[in-house]
Amino acid sequence: MTSETALAHERSQNIRVLLVDDQRLVGEAVRRMLMELPGSEFRFCATPATAIETAAQFKPTVILQDLIMPDIDGLEMVRRFRANPGTATVPLIVLSSKEEAKTKADAFAAGANDYLVKLPDKLELLARVAYHSDAYSLRQERDEAFAAIRGQQERTAEELAEAKNYVRSLLPSPIEPTEFLASDWRFVPSTTLGGDAFGYHWLDDHRIAIYLLDVCGHGVGAALLSVSAMNVIRSRTLPDTDFQAPEQVLHALNQAFPMTRHGERYFSIWYGVYDTQARALTYASGGHPPALLVPVEGPSRQLSSTGMIVGVFAGAPYAAETVPVEPGSTLYVFSDGCYEVLMPDGEQMECPPFLKMLEESALSMQSLDSVVREVQEIQRKPEFDDDFSLVEFRFF
């Protein structure tokens, strides 16, 4: 191999050149030149009418095409190659017998990538063929990689959608009004899979447990932990735990879900038990936003305790408190995703304005939809960056 073709040799692998020219002498000359590119393949097409079909079979990485051919205008042939999906992006070098600026401009306008006067110098032909073929191969690899990434993103999106649907399927049905209470909730999942979960269930014929937890972070890991914690609460499988005692439930959860065994993830939780006979609500919380109890008359009460976030400190103490519940009162339990939203000025809304919003909603007997819409208007977008979880209980 000569020094003139050393560089071209390095890039000659997988080069497939299709020449469309009615002159077989030109075809033979080009074939001989391309022999300097070991591993390259060459196909000659003397009939323009079969060029597209030949390209489909040969799959060239570079097309060489004469501009002057019988039966068809060379520029029209270029346009056909570009209109055909199989050759639309294949590098195309036109061959012309003249070095004319207008001819070049017309060729490039039709879709050609390069221009050579035939018969071209061998070194120049090899260099340009190798350059365009290499660029085309790299572009194909890039497109394949992007397609694979898009496919993975689509599969991930489908899996996340399935996970969101699964989490939603575990949420309880609203309780229609009875002589004791009614419940409703709104859950608007964030754009990414979050870690909120909530529920309520009867412990006996006159006591109902109400709970909402929020795992730190987003993604499948957060969702799995939230579902696991909710399931042990719902199935009452925590050992040596009285589920009528909120402080015991939080203590048992803290023992069962240390962050060191769950990917350094922890969660906040609010857990309460309402006794319909005593008309009293006993509750405990671990690092969670306060629940809000709104009576028909008198000041609202924030229900929170000083318990630690679950999973961080082994043996952390939890204490329960009890409050009376007057007829007509409304209880709201929620996650921080309901109020930690960015306002137009770039500042984050805080909890007190949201509590005021809930208080006004309870006293005016508005639907929870109005609360969701108001927060969406505050952040000026319908999507939430964190799960929006809001549970409402009305006591009769």
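In segment 321-347, how many residues are free of Cβ contacts under 8 Å to residues at least 24 places away in the same chain and among the aromatic types (Phe, Trp, Tyr)? Step through it out loud before you land on a result.
Looking only at segment 321-347, we keep the residues that are free of Cβ contacts under 8 Å to residues at least 24 places away in the same chain, and these are 345-347.
Restricting the remaining residues to those that are among the aromatic types (Phe, Trp, Tyr) gives none.
Going through segment 321-347 one residue at a time, the tally reaches 0.
Of the residues in segment 181-202, not one is crowded, with 17+ Cβ neighbours inside 10 Å, under 30 Å from residue 374 (Cα atoms) and of a type in the set (Lys, Arg). One residue is enough: does segment 255-268 have a residue meeting the conditions in the same structural domain as residue 309 (by TED's automatic domain parsing) and part of a strand (DSSP E or B)? Yes, because at least one residue in segment 255-268 is in the same structural domain as residue 309 (by TED's automatic domain parsing) and part of a strand (DSSP E or B).
In segment 362-377, the residues that are without any contact (Cβ under 8 Å) to a residue 40 or more places away in the chain and over 25 Å from residue 396 (Cα atoms) reach residues that are exposed (fewer than 14 other Cβ atoms within 10 Å of the Cβ) and of a type outside the set (Val, Ile, Thr) with C-beta atoms within less than 6 angstrom, at least six apart or across chains, in these pairs: 376/382. Scanning segment 125-155 for residues that are of a type outside the set (A, V, I, L, M, F, W, C) and surrounded by 12 or more Cβ atoms within 10 Å (Cβ to Cβ) returns 128, 131, 132, 133, 134, 136, 137, 139, 140. Note on segment 274-286: residues that are in contact (Cβ under 8 Å) with a residue 24 or more places away in the chain and surrounded by fewer than 23 Cβ atoms within 10 Å (Cβ to Cβ) total 6. Answer yes or no as to whether residue 250 is in contact (Cβ under 8 Å) with a residue 60 or more places away in the chain, closer than 29 Å to residue 341 by Cα and buried (at least 24 other Cβ atoms within 10 Å of the Cβ). Against the criterion (in contact (Cβ under 8 Å) with a residue 60 or more places away in the chain, closer than 29 Å to residue 341 by Cα and buried (at least 24 other Cβ atoms within 10 Å of the Cβ)), residue 250 qualifies. Those helices (runs of 4 or more DSSP H) of segment 1-99 in which 3 or more residues are surrounded by fewer than 18 Cβ atoms within 10 Å (Cβ to Cβ) and at pLDDT below 90 occupy 6-10.
Output the residues belonging to segment 287-326 that are more than 20 Å from residue 354 (Cα to Cα), of a type outside the set (Ser, Thr, Tyr) and not in a loop (DSSP other than H, G, I, E, B).
Applying the first criterion (more than 20 Å from residue 354 (Cα to Cα)) to segment 287-326 yields 306-326.
If we keep only those that are of a type outside the set (Ser, Thr, Tyr) too, we end up with 307-317, 319-321, 323-326.
Residues satisfying the conditions are 307, 310, 321, 323, 324.
Number of residues in segment 71-114 that are farther than 19 Å from residue 51 by Cα and either in contact with a helix residue (DSSP H, G or I) (Cβ under 8 Å, 6 or more places away or on another chain) or of a type outside the set (Gly, Ala, Ser) (or both): the value is 8. Take the residues of segment 212-244 that are out of contact with any strand residue (DSSP E or B) (no Cβ under 8 Å at 6 or more places or on another chain) and among the hydrophobic types (A, V, I, L, M, F, W, C): which is surrounded by the fewest Cβ atoms within 10 Å (Cβ to Cβ)? Among them, the one singled out is 220.
The values are calculated or read from the model by the stated rules, or taken from the named source; none is laboratory data. Because the structure is predicted, anything quoted here is derived from the model rather than measured. Ideal geometry is used to build each Cβ from the backbone, glycine not excepted, and the neighbour counts take in all protein chains shown.
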